[in-house]
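The values are calculated or read from the model by the stated rules, or taken from the named source; none is laboratory data. In this text, all values refer to a predicted model and were calculated from it rather than measured experimentally. Cβ: placed from backbone, ideal geometry, glycine included. Neighbour counts: every protein chain shown. To get the accessible areas, we keep the full protein, side chains included, count just its heavy atoms, and leave off ligands, DNA and RNA. Shrake-Rupley method; radii C 1.70, N 1.55, O 1.52, S 1.80 Å.
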Amino acid sequence: MASNPLPIIGPQTSERADAARNRLKILEAAERLIARHGIENVSMDMLAQEAGVGKGTIFRRFGDRASLALSLLDEHVQAFQEAFIRGKPPLGPGAPPIERLQAFGHAMIDLLEEHGDLILVGESGTPCARFRSAPFRAHRAHVTSLLNELDPRLDAEYHADSLLAVLAADQYRHLRREREMPIERVRAGWDSVVAAVEALAER
(Lines give C-alpha, C1' and ligand atoms only; values in the text may rest on other atoms or scores of the structure.)
Protein backbone atom coordinates (compact mmCIF):
# COMPACT_ATOMS: atom_id res chain seq x y z
CA MET A 1 0.00 0.00 0.00
CA ALA A 2 1.41 3.44 -0.90
CA SER A 3 1.77 5.73 2.08
CA ASN A 4 1.44 9.48 2.17
CA PRO A 5 4.68 11.33 2.91
CA LEU A 6 4.98 12.45 6.52
CA PRO A 7 4.77 16.17 7.25
CA ILE A 8 8.30 17.51 7.65
CA ILE A 9 9.04 18.99 11.05
CA GLY A 10 11.25 22.05 11.29
CA PRO A 11 11.80 25.35 9.53
CA GLN A 12 11.16 25.15 5.80
CA THR A 13 12.12 28.66 4.65
CA SER A 14 15.42 30.51 4.62
CA GLU A 15 15.97 33.58 6.79
CA ARG A 16 17.90 36.79 6.37
CA ALA A 17 21.12 36.78 8.37
CA ASP A 18 19.89 39.42 10.83
CA ALA A 19 16.57 37.61 11.33
CA ALA A 20 18.43 34.33 11.96
CA ARG A 21 20.66 36.05 14.52
CA ASN A 22 17.66 37.50 16.34
CA ARG A 23 15.92 34.13 16.29
CA LEU A 24 18.96 32.45 17.83
CA LYS A 25 19.33 35.18 20.47
CA ILE A 26 15.70 34.81 21.48
CA LEU A 27 15.83 31.01 21.63
CA GLU A 28 19.04 31.00 23.66
CA ALA A 29 17.59 33.58 26.06
CA ALA A 30 14.41 31.53 26.38
CA GLU A 31 16.43 28.41 27.23
CA ARG A 32 18.31 30.28 29.97
CA LEU A 33 15.14 31.71 31.49
CA ILE A 34 13.27 28.40 31.34
CA ALA A 35 16.20 26.65 33.05
CA ARG A 36 16.03 29.22 35.87
CA HIS A 37 12.29 29.79 36.23
CA GLY A 38 10.35 27.15 34.29
CA ILE A 39 8.41 27.81 31.09
CA GLU A 40 5.20 28.76 32.92
CA ASN A 41 6.97 31.59 34.77
CA VAL A 42 8.68 33.18 31.77
CA SER A 43 6.91 36.25 30.35
CA MET A 44 7.53 37.89 26.99
CA ASP A 45 8.78 40.98 28.83
CA MET A 46 11.38 38.88 30.66
CA LEU A 47 12.39 37.25 27.40
CA ALA A 48 12.76 40.56 25.56
CA GLN A 49 14.98 41.92 28.31
CA GLU A 50 17.12 38.77 28.48
CA ALA A 51 17.53 38.61 24.69
CA GLY A 52 18.15 42.34 24.31
CA VAL A 53 15.45 42.77 21.67
CA GLY A 54 12.12 44.54 21.54
CA LYS A 55 9.00 42.70 22.64
CA GLY A 56 7.53 43.36 19.21
CA THR A 57 10.44 41.49 17.62
CA ILE A 58 9.53 38.39 19.61
CA PHE A 59 5.86 38.57 18.64
CA ARG A 60 6.70 39.18 14.98
CA ARG A 61 9.12 36.24 14.94
CA PHE A 62 7.16 33.71 16.99
CA GLY A 63 3.61 35.05 17.36
CA ASP A 64 2.86 33.56 20.77
CA ARG A 65 4.26 31.40 23.56
CA ALA A 66 3.04 28.20 21.88
CA SER A 67 4.99 28.93 18.70
CA LEU A 68 8.05 29.83 20.76
CA ALA A 69 7.79 26.53 22.65
CA LEU A 70 7.52 24.58 19.38
CA SER A 71 10.62 26.34 18.06
CA LEU A 72 12.53 25.38 21.21
CA LEU A 73 11.45 21.78 20.63
CA ASP A 74 12.49 21.67 16.94
CA GLU A 75 15.77 19.81 17.45
CA HIS A 76 14.19 17.18 19.69
CA VAL A 77 11.09 16.50 17.60
CA GLN A 78 13.14 16.34 14.40
CA ALA A 79 15.44 13.76 16.00
CA PHE A 80 12.38 11.76 17.10
CA GLN A 81 10.88 11.87 13.60
CA GLU A 82 14.18 10.77 12.08
CA ALA A 83 14.28 7.84 14.51
CA PHE A 84 10.83 6.50 13.66
CA ILE A 85 11.23 7.05 9.91
CA ARG A 86 14.79 5.86 9.34
CA GLY A 87 16.11 4.69 12.71
CA LYS A 88 16.80 1.20 14.00
CA PRO A 89 13.95 -1.21 14.78
CA PRO A 90 11.74 -1.61 16.63
CA LEU A 91 11.13 2.18 16.51
CA GLY A 92 12.34 2.41 12.93
CA PRO A 93 11.55 0.19 9.92
CA GLY A 94 12.17 -3.55 10.07
CA ALA A 95 9.97 -4.63 12.98
CA PRO A 96 6.32 -5.77 12.93
CA PRO A 97 3.83 -2.86 13.14
CA ILE A 98 2.65 -3.75 16.65
CA GLU A 99 6.23 -3.65 17.96
CA ARG A 100 6.79 -0.32 16.21
CA LEU A 101 3.64 1.09 17.82
CA GLN A 102 4.85 0.00 21.25
CA ALA A 103 8.29 1.50 20.60
CA PHE A 104 6.76 4.73 19.29
CA GLY A 105 4.81 5.19 22.52
CA HIS A 106 7.83 4.44 24.70
CA ALA A 107 9.96 6.95 22.77
CA MET A 108 7.20 9.55 23.00
CA ILE A 109 6.98 8.95 26.75
CA ASP A 110 10.74 9.60 26.98
CA LEU A 111 10.23 12.87 25.08
CA LEU A 112 7.37 13.88 27.38
CA GLU A 113 9.39 13.02 30.46
CA GLU A 114 12.23 15.29 29.38
CA HIS A 115 10.37 18.10 27.60
CA GLY A 116 6.75 17.73 28.69
CA ASP A 117 6.34 21.28 29.97
CA LEU A 118 7.47 22.76 26.65
CA ILE A 119 5.29 20.32 24.69
CA LEU A 120 2.30 21.26 26.85
CA VAL A 121 2.78 24.96 26.13
CA GLY A 122 3.26 24.18 22.44
CA GLU A 123 -0.05 22.29 22.41
CA SER A 124 -1.94 24.98 24.35
CA GLY A 125 -2.09 27.92 21.97
CA THR A 126 -5.44 28.29 20.25
CA PRO A 127 -8.19 25.66 20.59
CA CYS A 128 -7.16 22.40 18.91
CA ALA A 129 -3.67 23.82 18.27
CA ARG A 130 -2.14 20.42 19.03
CA PHE A 131 -3.91 18.80 16.09
CA ARG A 132 -2.68 21.43 13.63
CA SER A 133 0.96 21.33 14.74
CA ALA A 134 3.58 19.77 12.46
CA PRO A 135 4.74 17.28 15.13
CA PHE A 136 1.21 15.96 15.73
CA ARG A 137 0.49 15.66 12.01
CA ALA A 138 3.71 13.68 11.52
CA HIS A 139 2.92 11.42 14.47
CA ARG A 140 -0.64 10.90 13.27
CA ALA A 141 0.48 10.00 9.74
CA HIS A 142 3.03 7.53 11.12
CA VAL A 143 0.63 5.81 13.54
CA THR A 144 -2.08 5.66 10.87
CA SER A 145 0.37 4.00 8.48
CA LEU A 146 1.35 1.39 11.10
CA LEU A 147 -2.31 0.62 11.83
CA ASN A 148 -3.07 0.17 8.15
CA GLU A 149 -0.12 -2.19 7.93
CA LEU A 150 -1.37 -4.08 10.99
CA ASP A 151 -4.85 -4.61 9.54
CA PRO A 152 -6.38 -2.68 6.62
CA ARG A 153 -9.84 -3.46 8.02
CA LEU A 154 -9.23 -1.21 11.04
CA ASP A 155 -10.47 2.37 11.09
CA ALA A 156 -6.86 3.51 11.19
CA GLU A 157 -7.58 7.24 11.36
CA TYR A 158 -9.92 6.90 14.34
CA HIS A 159 -7.60 4.58 16.24
CA ALA A 160 -4.56 6.77 15.48
CA ASP A 161 -6.28 9.74 17.10
CA SER A 162 -7.36 7.57 20.05
CA LEU A 163 -3.85 6.24 20.60
CA LEU A 164 -2.27 9.68 20.37
CA ALA A 165 -4.76 11.04 22.91
CA VAL A 166 -3.08 8.75 25.46
CA LEU A 167 0.20 10.54 24.71
CA ALA A 168 -1.09 14.11 25.04
CA ALA A 169 1.15 16.32 27.18
CA ASP A 170 -1.63 17.34 29.60
CA GLN A 171 -2.59 13.70 30.09
CA TYR A 172 1.04 12.76 30.74
CA ARG A 173 1.55 15.62 33.19
CA HIS A 174 -1.61 14.65 35.07
CA LEU A 175 -0.50 11.04 35.39
CA ARG A 176 3.08 11.79 36.42
CA ARG A 177 2.62 14.83 38.67
CA GLU A 178 -0.91 14.86 40.00
CA ARG A 179 -1.45 11.10 40.13
CA GLU A 180 2.27 10.49 40.90
CA MET A 181 2.18 7.47 38.62
CA PRO A 182 5.57 5.76 38.07
CA ILE A 183 6.84 5.98 34.53
CA GLU A 184 6.97 2.18 34.35
CA ARG A 185 3.21 2.09 34.94
CA VAL A 186 2.67 4.66 32.18
CA ARG A 187 4.72 2.55 29.78
CA ALA A 188 2.79 -0.58 30.75
CA GLY A 189 -0.47 1.31 30.25
CA TRP A 190 0.58 2.29 26.73
CA ASP A 191 1.43 -1.32 25.94
CA SER A 192 -2.01 -2.44 27.15
CA VAL A 193 -3.75 0.12 24.93
CA VAL A 194 -1.72 -1.04 21.92
CA ALA A 195 -2.54 -4.65 22.80
CA ALA A 196 -6.26 -3.79 22.78
CA VAL A 197 -5.91 -2.45 19.24
CA GLU A 198 -4.02 -5.61 18.25
CA ALA A 199 -6.89 -7.68 19.64
CA LEU A 200 -9.30 -5.80 17.36
CA ALA A 201 -7.11 -6.66 14.40
CA GLU A 202 -7.18 -10.35 15.31
CA ARG A 203 -10.97 -10.64 15.23
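Before moving on, here are some points about what is shown:
- Residues located in segment 36-63, provided they are in a loop (DSSP other than H, G, I, E, B) and surrounded by 15 or more Cβ atoms within 10 Å (Cβ to Cβ): 42, 53
- Meets criteria (modelled with pLDDT of 90 or more and not aromatic (Phe, Trp, Tyr)) for residue 45: yes
- Any pair with Cβ under 7 angstrom, 6 or more apart, that starts in segment 17-33 at a residue that is of a type in the set (S, T, N, Q) and ends at one that is not in a helix (DSSP H, G or I): 22/53
- Of residues in segment 64-84 being over 15 Å from residue 24 (Cα atoms), modelled with pLDDT under 90 and part of a helix (DSSP H, G or I), the one least open to solvent (accessible area, probe 1.4 Å): 66
- Qualifying residue in segment 115-132 (condition: in contact (Cβ under 8 Å) with a residue 60 or more places away in the chain, surrounded by 15 or more Cβ atoms within 10 Å (Cβ to Cβ) and within 22 Å of residue 102 (Cβ to Cβ)): yes
- Close Cβ contacts (under 6 Å, 6 or more residues apart or on different chains) running from residues in segment 56-74 that are of a type in the set (Phe, Trp, Tyr) to residues that are open to solvent by less than 50 Å² (accessible area, probe 1.4 Å) and assigned to a helix (DSSP H, G or I) comprise 62/68.
- Residue in segment 12-26 that is modelled with pLDDT of 85 or more and among the aliphatic types (A, V, I, L, M) present: yes
- Being open to solvent by less than 70 Å² (accessible area, probe 1.4 Å), in a helix (DSSP H, G or I) and free of Cβ contacts under 8 Å to residues at least 40 places away in the same chain is a property that residue 111 has.
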